[in-house]
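Heads up, the thing below is written out as structure tokens.
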Amino acid sequence: MSTTVERNAADPVLDPKAWDALIAALGEQDQPTATLAKVEELYQREVGAIIFTVMSADFDTGMSRRLYSNHPQEYPTSGYKQSAAGKWNDLVFGEKKPYVANTIEEIATVFHDHELIQSLGCGSCINVPVVFEGSVLGTINILDKAGAYTPEKVERAMALRPFAAIGILAATVTEQASKIRDGKA
């Protein structure tokens, strides 16, 4: 029988230290980067990724905005892009389920930048929908070598959504606060 400490160590959602680290990141000045970097650190430890990005979703325009990227040259923050259409959109935004691909060929069916993705050593991805008030607020996008994302890793990526939600909400609050300070709200 495992102890509470062992269970908490195995599950960061139950680990007070993981939450304490996220709360500490929320207190830092460089928002939302500080908080989203802490979210990345957790995803890296628990799931693994070569590329890690966070996108917000704007249903009015059909655009997504990059809030965070660990590859800022190739995937700059605040960059906008048209949300993927078809099966990706139906699955992630409609059904609120993750999109998972474990080959570059699968990735190429939904992402126009598949050649860049492959050039960075990636051939698999998980796009994790983060839901707030019944709508997808944004996505956590992790990419790794081909075949990297087993069902267990997908389950783990989904289990980390509370951390991701706080990170995306921190970005939303930061943006609103900035508009208020600038007199644009």
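Computed with a 1.4 Å probe over protein heavy atoms only, the accessible surface of segment 106-185 comes to 49 Å² per residue.
In segment 77-185 the Cα-Cα distances spread across 10 Å bins starting at 0 as 14, 40, 33, 11, 3 percent of all pairs. Across segment 173-183, computed HN-Hα scalar couplings (Karplus, 6.51 cos²θ - 1.76 cosθ + 1.60, θ = phi - 60°) run 5, 4, 5, 5, 4, 5, 5, 5, 4, 7, x Hz from first to last residue, x flagging Gly and Pro.
Which residue, chosen from Leu137, Tyr80, Val173, occupies the Cα position most advanced towards the positive end of the dipole of segment 51-185, where the dipole is computed from +1 (Lys, Arg) and -1 (Asp, Glu) charges on Cβ about the Cα centre? Ranked along the dipole, the leading option is Val173. Distant-in-sequence amide contacts of Lys97, defined by a placed amide H-H separation under 5 Å and a gap of 5 or more residues or a different chain, comprise Val92.
Placing +1 at every Lys and Arg Cβ and -1 at every Asp and Glu Cβ, with all other atoms neutral, what dipole size does the chain have around its Cα centre, in debye to the nearest 20?
Computed about the Cα centre, the dipole is about 240 debye.
Met63 contributes an accessible area of around 50 Å² to the protein surface, as traced by a 1.4 Å probe with all chains present.
Here the ratio of the Cα radius of gyration of segment 76-133 to 2.2 N^0.38 Å is 1.16.
Per-residue accessible area (protein heavy atoms, 1.4 Å probe) orders Ser64, Ser119, Ser178 as Ser119, Ser178, Ser64, starting from the largest. Under the combined filter of DSSP loop state and at most 14 neighbouring Cβ atoms within 10 Å, segment 92-181 retains these GluC sites (Glu not before Pro): Glu95, Glu133. What is the local net charge at Val131, summed over the other residues whose Cβ is closer than 13 Å to its Cβ (Lys, Arg +1; Asp, Glu -1)? Net of charged neighbours comes to +1. Per residue of the chain, the DSSP helices (runs of n ≥ 4 H) give a summed -39500 (n - 2.57) that works out to -12000 deg cm²/dmol at 222 nm. Taking all protein chains as they are arranged and a probe of 1.4 Å, the heavy atoms of Thr61 leave approximately 80 Å² accessible to solvent. Assuming charge only on the beta carbon of Lys and Arg (+1) and of Asp and Glu (-1), the dipole of segment 85-142 about its Cα centre is about 160 debye to the nearest 20. Assuming charge only on the beta carbon of Lys and Arg (+1) and of Asp and Glu (-1), the dipole of segment 67-118 about its Cα centre is about 240 debye to the nearest 20.
Sorting the Cα pairs of the chain by distance into bins of 5 Å, from 0 upward, gives 1, 8, 16, 20, 22, 15, 10, 5, 2, 1, 0, 0 percent per bin.
Report the extension gain between Leu120 and Ser178 in nm, rounded to one decimal, defined as 0.36 nm multiplied by the number of residues separating them, less their alpha carbon distance. Let's see the in-between values first.
Values: separation 58, 0.36 × 58 = 20.88 nm, distance 3.39 nm.
Full-extension gain reported as 17.5 nm.
The values are calculated or read from the model by the stated rules, or taken from the named source; none is laboratory data. Every value quoted in this text rests on a predicted model; they were computed, and no experiment measured them. No Cβ is skipped: glycine too gets one built from the backbone with ideal geometry, and neighbour counts run over all protein chains shown. Side chains are part of the model used for accessible areas, which takes the heavy atoms of the whole protein and leaves out ligands, DNA and RNA. Shrake-Rupley method; radii C 1.70, N 1.55, O 1.52, S 1.80 Å.
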